[in-house]
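Supplied in structure tokens, the structure appears directly below.
The values are calculated or read from the model by the stated rules, or taken from the named source; none is laboratory data. Here the structure is a predicted model, which means the values were calculated and not measured. Please note: Cβ atoms are built from the backbone with ideal geometry, for glycine as well, and neighbour counts cover all protein chains shown. We work out accessible area using only protein heavy atoms, side chains counted, and drop any ligands, DNA or RNA first. Shrake-Rupley method; radii C 1.70, N 1.55, O 1.52, S 1.80 Å.
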Amino acid sequence: MGLFDRMRDLFRANTPQEDHPMQVLSAFIESYSEKLRELAVSVNRSESEWLLQKGKMNLYLVNSAMYREKADQEARLGNADMAKHWLVQTHSQESILAKLEPEVEKLQQTTEQLKDTLAQLENKLQTAKEMRQQFMFRINASDSQIQMNTALNEMLSSSALERVKEETFLAEAKAELMQSRPK
């Protein structure tokens, strides 16, 4: 069901007959705009959480590489215990990273879906605003047409009145002429 169908159903179901369609459309746009603002906040929160988790993931990657490098240095120096310690730290970082990676991917997908939904809803809102603008143009055009028809009717009425006056004058003139003729 398209936006136009939903709006038509909304107009029919939720509005008394005396409400002006322009008021209803404006109320719909205002309500829809508010919902879009709320969705935009949700999108921003989701994106913020995703970026935060992505930053953590990058930190664990850097720490893991750093700990591995320290383990390699200690192994080259012959310090087996320290090398083992750094390898345990590396494994710990990689373990946390492995758990974090699916969560970050899920947050990224959710954020992208929310952004797509937001873009679609913004397009629908823009369509509603364009419909309202077209409705305004139609109202203005019909008002102009009504004014033009009124002016034409007034002109035609005044022309008709002038014709009636002329016909009356001619009829009176004929009557006087008939009275003034000898019998």
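Please tell me the relative contact order of the chain in percent, rounded to the nearest whole number, where contacts are Cα pairs under 8 Å and at least six residues apart.
RCO, the chain: 26 percent.
Going by average Cβ neighbours within 10 Å, how do the peptides 84-90, 166-172 rank, with the highest at the top?
Descending packing order for the listed peptides: 84-90, 166-172.
For residue 174, list the aspartates and glutamates whose Cα falls under 20 Å from its own Cα; do not include residues on the same chain fewer than 8 positions away.
Straight-line reach from residue 174, under 20 Å: 162, 166.
Placing +1 on the Cβ of each Lys and Arg and -1 on the Cβ of each Asp and Glu in the chain, which of 108, 88, 22 has its Cα farthest towards the positive end of the resulting dipole?
22
By the scheme Lys and Arg +1, Asp and Glu -1, what is the net charge of all other residues having a beta-carbon under 12 Å from that of residue 67?
-1
Which one of 45, 76, 163 has the biggest mean-square fluctuation once the chain is modelled by GNM with Cα springs under 10 Å?
Between 45, 76, 163, it is 163 that shows the largest mean-square fluctuation.
Ok, one more. Return the single residue from 120, 73, 133 with maximal mean-square fluctuation; model: Gaussian network over the chain, springs between Cα atoms under 10 Å.
73
Here is a follow-up. Are any of the pairs 54/99; 56/99; 35/106; 56/115; 54/84 more than 18 Å apart by Cα-Cα distance, and if so, which?
35/106; 56/115; 54/84
While we're looking at this one, here's another question. For the ranges 29-37, 102-110, what's the packing order if you count other beta-carbon atoms within 10 Å of each residue, average per peptide, and put the highest first?
In descending order of packing, they fall as 102-110, 29-37.
Which percent of the accessible heavy-atom area of the stretch 37-160 goes to carbon and sulfur, probe 1.4 angstrom?
In the stretch 37-160, the share of accessible area belonging to carbon and sulfur is 54 percent.
Roughly how many Å² is the accessible area per residue of the stretch 28-183, as a whole number, for a 1.4 Å probe?
About 76 Å² of surface per residue is accessible.
Just to be sure I understand: if I project the alpha-carbon convex hull of the chain onto a plane and average over all orientations, what area do I get in nm²?
Its Cα hull, projected and averaged over all orientations, spans 19.0 nm².
Another question, then. Separation between the residue 181 and residue 167 pseudo-spin-labels, each 7 Å from Cα along Cα→Cβ, expressed in nm?
About 2.2 nm separates the two model spin labels.
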